[in-house]
Every structure is written in structure tokens, then in C-alpha cells.
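What follows is one structure encoded as C-alpha cells, with my remarks underneath.
The values are calculated or read from the model by the stated rules, or taken from the named source; none is laboratory data. Treat the numbers as computed from the prediction; the structure is a model and nothing was measured. Ideal geometry is used to build each Cβ from the backbone, glycine not excepted, and the neighbour counts take in all protein chains shown.
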Amino acid sequence: MVVANEYRQHNQHGTMPVTEHKEVETVTDEAEGAAKFRSNVGIMIVNRAGRILAGDAYHYPGEWMMPQGGIDAEESAVQAMRRELFEETGLHFEQLRLIYEHDDWLQYLFRTPQYKDDVFYVGQRQKWFLLEYNGPLPDPETVHEQEFSCFGWVEPQWLVEQIPPFKKEVYRTVVAAFRPHFP
């Protein structure tokens, strides 16, 4: 199966959509015959200095990433974003300002397919949101399910450069799309 990852490429003429095709072996749903991508939200939180709130992943030490999480049944992407924001950072939506929602769903393949809720998923398709927050760093030990060991404000380029390869194109796309909207 060929999976297409769409992203925008910047050149002297502005921004243009680019599609990257990659041949992958997938797990399929026998009834539908299609690869399964788990619906998910990604949350980019920026401050006035243009830095991104990132966390050192609790289960993958040394991998810094932005909050993200699955969309539950009967839940909209916005509702999932609000819930995941609190679950992963302890921040309440009212403490932040919603700046922008990415127009497209972006997807990536997992390192290896994952089994969740009786379904094998080959990756995630994400709806991304940009929020502004200028308060103190969240305390990861106060959240219900600890996803991060610590938080920090990081430079966008640093975050893109150090993210594991399987998420790199999504992070590049999101940073490029959201940077013009930073406070």
C-alpha cells in the first residue's frame, strides 16, 4: 500500500502543497480492506516569545513532543483537544487562547502498528490546534495519566530537528503552517 503524506514546501514563490509517497506494509480491516489510522488531535501551545511548549515523553525518555491524543467516540476534534489539553498538561482550556486550527488532517505511520480498542492501527491522522499560553510551566506530576516527565519552552526548529523520524513531516508541516499565526 502507498501512503501519501501531504505537507507544504516553502520556496521563493511562497507555499505549495507537496505529497510524499511511501510504500509501506499495512494492517488492514478485512471488512473494509483499508489501512486504519487512529483519529487524533495535536496541540501546539506557544508563548509570546514564539516558543513551543513541549514535554519529554514519559514512556520514551529523551523524545520531546507536543501534547496529542485520541478522539473518543461521539467526540468532536475540538472537544478532544480540550480534554487532551487537560489530561496531558493539567491546563484548563480557559487558561489559553485558541489561535488557529489546521485546515487539513495530517497523518503519520507508527513505528510499529498498535492494537487499541480492539483495532490494529498503522498510524494516526491528526487535527492540529494552535493555542497561546503565557503562564507557568505545567507540572506533569499533577496530571491524571502522566505522559511527560517534564515540560519546557523550546524553539520550533529544535523541536522539528529532534522529533523521531516517523513524526518529522507532520511537525514540519504544523510549524510551517502555524508560525505565521504565532503571537
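Looking at L137 and the list (1) buried (at least 17 other Cβ atoms within 10 Å of the Cβ); (2) touching a Leu at 6+ places or on another chain (Cβ under 9 Å); (3) aliphatic (A, V, I, L, M), which single condition is not satisfied?
Here L137 clears every test but (1).
Mind checking which pairs have a first residue in segment 151-165 that is within 9 Å of W64 (Cβ to Cβ) and a second that is aromatic (F, W, Y), Cβ under 9 Å, 6 or more apart or different chains?
Once the first residue is within 9 Å of W64 (Cβ to Cβ) and sits in segment 151-165, its partners that are aromatic (F, W, Y) give G152/W64; V154/W64; W158/W64; L159/W64; L159/Y171; Q162/W64; I163/W64; I163/Y171.
If the Cβ limit is 6 Å and pairs must be 6+ apart or interchain, which residue in segment 113-141 that is touching a residue at least 40 places away in the same chain (Cβ under 8 Å) and of a type in the set (D, E, K, R) pairs with which residue that is assigned to a loop (DSSP other than H, G, I, E, B) and loosely packed, with under 14 Cβ neighbours inside 10 Å?
As it stands, the answer is E132/P183, since those pairs meet every condition given.
Restrict the check to segment 127-134 and report whether at least one residue is under 15 Å from the mean Cα position of the chain (by Cα), closer than 19 Å to A177 by Cβ and charged (D, E, K, R).
yes
Among the residues of segment 10-32, are any among the hydrophobic types (A, V, I, L, M, F, W, C), modelled with pLDDT under 95 and in a strand (DSSP E or B)?
yes
If we scan segment 63-78, do we find a residue that is part of a strand (DSSP E or B) and without any contact (Cβ under 8 Å) to a residue 12 or more places away in the chain?
Scanning segment 63-78, I find no residue that is part of a strand (DSSP E or B) and without any contact (Cβ under 8 Å) to a residue 12 or more places away in the chain, so the answer is no.
The rows are residues; the columns are (1) at pLDDT 95 or above; (2) more than 17 Å from A54 (Cα to Cα).
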| residue | (1), (2) |
| --- | --- |
| E94 | yes, yes |
| F120 | no, yes |
| P138 | yes, no |
| Q146 | no, no |
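Take the conditions on the phi < 0 side of the Ramachandran plot and out of contact with any helix residue (DSSP H, G or I) (no Cβ under 6 Å at 6 or more places or on another chain) and apply them to E75. Does it pass?
So E75 fits the description; yes.
Select from segment 79-103 the residues that are surrounded by 15 or more Cβ atoms within 10 Å (Cβ to Cβ) and among the hydrophobic types (A, V, I, L, M, F, W, C) and write down the one among them that is farthest from N47 (Cα to Cα).
For segment 79-103, the residue satisfying everything is A80.
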